[in-house]
Every structure is written in structure tokens, then in C-alpha cells.
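What follows is one structure encoded as C-alpha cells, with my remarks underneath.
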Amino acid sequence: MFSALLKCNIRDAKRSFYRSANEIFGKIDNFAMENVTLQLIQSKCVPALLYSPDACPLNKSDINSLDFVLNQLFMKLFCTSDINIVSECQLG
């Protein structure tokens, strides 16, 4: 019996997310408050990141990769490399 394994490619979703996020950061520079920037990211970038992975199952590696993308964004936004600070910001 043939069993097919469906593999989701999230590379294009991540590329689209980074492109959208860089556009936002490029336009607002350091003039916008963090909550405004987060709202723009939430409305414009996150849907691009989650659009295609919604159509197929993700394995642990894919989930970690998407998590890394979001963590990197928070690190850039809050000028930190401490994952504990990022975790607190994501929860708050």
C-alpha cells in the first residue's frame, strides 16, 4: 500500500513575512510607538506568515522555524537578544 507524506514548504511564507516587516520598519523608522508597530505587524505581516501553513500539517521543525521568525521580530522591535524578555513581551 502506498502512503504519501505531505510536506509543507514554509520558505515562501517566511520570505513574504520578512518582506512585509521590513517595509513597515523602513517606513516608520523609529518614529512609531511599539504598540503601533505591533498592530501593523499583526495586521499586515502575520497573515502572510500563516497563510500557506494553514493548508497543511506542520511538523515540529516547521513550528520552531515559524516561532524563530516571530522571536526575531520581537528582538528587533525591542532591541534585545534576550529570549526571556521576548517571551514576556509576547505574553503581555
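Where a number appears in this text, it was derived from the coordinates with a stated rule and is not lab data. A quick note: this is a predicted structure, and the numbers were derived from the prediction, not measured. Cβ coordinates were reconstructed from backbone atoms using ideal geometry, including for glycine residues, and neighbour counts include every protein chain displayed.
Which residues, taken from region 48-71, are part of a helix (DSSP H, G or I) and either touching a Cys at 6+ places or on another chain (Cβ under 7 Å) or exposed (fewer than 14 other Cβ atoms within 10 Å of the Cβ) (or both)? Passing the criteria: Leu50, Pro53, Asp54, Ala55, Lys60, Ser61, Asp62, Ile63, Asn64, Asp67, Phe68. For region 72-89, the set of residues classified as assigned to a helix (DSSP H, G or I) and loosely packed, with under 11 Cβ neighbours inside 10 Å consists of Asn84 only. Restricting attention to region 12-31, which residues are farther than 13 Å from Tyr51 by Cβ, of a type outside the set (A, V, I, L, M) and assigned to a helix (DSSP H, G or I)? Tyr18, Arg19, Asn22, Glu23, Phe25, Gly26, Lys27 - these are the residues of region 12-31 that are farther than 13 Å from Tyr51 by Cβ, of a type outside the set (A, V, I, L, M) and assigned to a helix (DSSP H, G or I).
To keep it simple, each residue is scored yes or no on (1) aliphatic (A, V, I, L, M); (2) closer than 29 Å to Lys60 by Cα; (3) surrounded by fewer than 17 Cβ atoms within 10 Å (Cβ to Cβ).
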| site | (1), (2), (3) |
| --- | --- |
| Asn9 | no, yes, yes |
| Ile28 | yes, no, yes |
| Val36 | yes, no, yes |
| Cys45 | no, yes, no |
